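Just below is one structure, and these are the notes that go with it.
Readers should treat all values here as calculations from the given coordinates under stated rules, not as data from a laboratory. The model shown is predicted, which means the values in this text are computed figures rather than measured ones.
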Amino acid sequence: MIESTQELGPVSEAVITESVRITEPARDEVRRIRLSIDDPAFRFSVGQTIGVVVTGPHPMGNRFHTRRYSIASGHRVGEGDRIELELLVRRCFYVDEVSGERYPGIASNFLCDAAEGQKVTITGPYRSPFKVPVDNRSNILMIGTGTGVAPFRGFVQEIYRQRGEWLGQVRLYYGAISGLDLLYRNDADDDLSNYYDEQTFAAFRALISKPLSSESDALALALQDTAQQVWDLMQEPNTHVYLAGLGKVAETFDEVMEQAAMSPKAWRETRDWMRSQGRWSELIYN
């Protein structure tokens, strides 16, 4: 690590080696950005996040703006022992509630506009509630919305490419607004199919484009036909649940599973049982 100002603490320098748009031009822009870090001390685990630092001055007068992103890949060593990782970045905008004006998100637009070869200052990595089970017989349920699917890409890579044979069942349930359907497996590279095991891995995704619909609505669609299978899998003592996405993802999952359990009480007891055993993890964004 190299030392930065006291305001930022320890930072590392990364270089963008690849920036590829993985959604169609007419839809929300999401890019897969690969970073290379020439620091032998830099190590990360699946599910962790890094901070991307954008130097100002910024509108609020702050010198630095930092935004955290989930690492969307497993640990990989590139040329010259450089550490490589990937981010999934959606170009974001927000609307000022008072003026009604639309402003670009600072970090996301910085990253989406950055060219290959550009240097980026990062902080972290930071601890994450997500950890891959040690036992390869464990069942894994990944439930996410939007770019919340990013850590799950790293999970699948870690399980099948880094660790080899995985005997448990791995399930991904993913909901998105149209334009974000390629986050976990983009059609250009078909990347995850290069190493996941079709005997144990299955993904269920749903897209929704109706006015006023949300990614959580899409998640409910992705779950509705297989909710009973999810419920049955959760009765096994070696099943782990991982939730990631915007705030309503947990609420949506609760609603679907209450119906599958035929009782809100039965669902709460099962969820609390898994939490008490450390088999339930959440990474929820506001």
HN-Hα J in Hz across region 146-157 - Karplus 6.51, -1.76, 1.60, θ = phi - 60°, x for Gly and Pro: x, 6, x, 6, 3, x, 6, 4, x, 4, 5, 4
Would you mind checking which residues have amide H under 5 Å from GLN48's amide H? H placed 1.01 Å from N; only 5 or more apart, or other chain. ILE71
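Sort region 1-130 into rounded, prolate or oblate with this rule: let a ≥ b ≥ c be the square roots of the eigenvalues of the Cα gyration tensor; rounded if a/c is under 1.5, and if a/c is not under 1.5, prolate when a/b is larger than b/c, oblate otherwise.
Working: a/c = 1.90, a/b = 1.32, b/c = 1.44.
It comes out oblate by the Cα gyration axes.
For region 212-285, report the % of Cα-Cα distances exceeding 16 Å.
Values: 1315 of 2701 pairs.
Beyond 16 Å sits 49 percent of the P(r) for region 212-285.
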In terms of modelled amide H atoms, which long-range or inter-chain residues lie less than 5 Å from the amide H of VAL120? ALA14, VAL15, ILE16
Using alpha carbon centroids, what distance separates region 234-286 and region 18-96, in Å? 29 Å
